[in-house]
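**Q** Got a structure here, written out as structure tokens. Questions coming.
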Amino acid sequence: MQKKFYFILSLALLFVAKAFAQQPDFLFEHRFPYPLPHSIKWEYPETFALEVRENEYREGGYLITAGNYKDSDLYETDPACPPIVYKVSLEGEILDTLVLGYDDRYSIITRLFELPEEPNCFLAIGSVHDNDLHYDRLLLAKFDYDLNLLWQREIELPEPYQGNVWTSAFMDSSGDIACCLGISGIPAPVFCRLTTEGELIAISQHTGPCTIFTITCGSFFEFQDGSGD
């Protein structure tokens, strides 16, 4: 009887191990308006989603970027895991993937944009760490709806705005990308403006009192004078 018990236990453990081995890398949760992929290899997944409306160029669905949020002290010591863009159907099925960033350097994407003048193209913005110079550069990538990478480039910020960077960004009415940056060693947010081709137009540091909050989808900030300017 005891041998039979251990045999059944061993068989059960074997089936459990096999089930885990065949488990897909990504699971979906539908508590959000979009399906959210979670990777079992990422301890702190960083995600951002863009709802894709159906038009003459494409079907409706979502573009979701997922990456691994790390403490800045681990940038150069842990193996890099580049962020991935997923094309996901409305039913939550992964249709295609695109790897951005670099295999040997830590990088993360914090926002996706649809280009109004190019309805089949998108931009991703984030940051990438330079292991030799020990600071981040802004990372901008352009790709089409079929997840073909058109280009990917790094944007180096001028001194004294070089450090570990946390990025929050939006596209304004001019078609440029306005960014709020949290930069290590700088107590106030830094604002910059980029073209959709990655040209740095302007950069300046906020001079008034404020507080930076870094969360999953970038940097949120508040001004202590309540002005909102």
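**Q** How much accessible surface area, in Å² rounded to 10, belongs to the heavy atoms of Cys179 with a 1.4 Å probe?
**A** For Cys179, the solvent-accessible surface is approximately 10 Å².
**Q** Out of the total accessible area of segment 41-115 (probe 1.4 Å, heavy atoms of protein only), what percent is carbon and sulfur?
**A** On the way: 1600 of 3730 Å².
Answer for segment 41-115 is 43 percent, counting heavy atoms of protein chains only.
**Q** Moving to a separate point now. How would you classify segment 67-182 from its alpha-carbon gyration tensor, with a ≥ b ≥ c the square roots of the eigenvalues: rounded for a/c under 1.5, else prolate if a/b is greater than b/c, otherwise oblate?
**A** Working: a/c = 2.15, a/b = 1.32, b/c = 1.64.
Oblate.
**Q** Then there's this: Hey, can you grab everything whose amide H is under 5 Å from the amide H of Tyr106? Only 5+ residues off in sequence or another chain; H modelled, so Pro and N-termini drop out.
**A** Residues meeting the criterion, in which the H sits 1.01 Å from N, are His129.
**Q** Now for a separate question. So, R0 is 30 Å and r is the distance between the beta-carbons of Phe191 and Asp103; what FRET efficiency does that work out to, to 0.05? Please report the intermediate quantities before stating the final value.
**A** Details: r = 32 Å, r/R0 = 1.05.
Efficiency at R0 = 30 Å is approximately 0.40.
**Q** Related question: Rounded to the nearest 20 debye, what is the charge dipole size of segment 70-164 about its Cα centre when +1 sits on each Lys and Arg Cβ and -1 on each Asp and Glu Cβ? Mind dumping the intermediate values first?
**A** On the way: 7 positive and 20 negative charges, 30 e Å.
Dipole magnitude for segment 70-164 comes out near 140 debye.
**Q** Sticking with this one: Please name whichever of Ala141, Trp151, Ala178 sits farthest to the positive end of the charge dipole of segment 74-199, dipole taken about the Cα centre and charges placed at Cβ: Lys and Arg +1, Asp and Glu -1.
**A** About the Cα centre, the residue reaching furthest to the positive side is Ala178.
The values are calculated or read from the model by the stated rules, or taken from the named source; none is laboratory data. Model, not experiment: these values are computed from the prediction. We place every Cβ from the backbone using ideal geometry, glycine too, and count neighbours over all the protein chains shown. Surface areas here come from the heavy atoms of the whole protein model, side chains and all, with no ligands, DNA or RNA. Shrake-Rupley method; radii C 1.70, N 1.55, O 1.52, S 1.80 Å.
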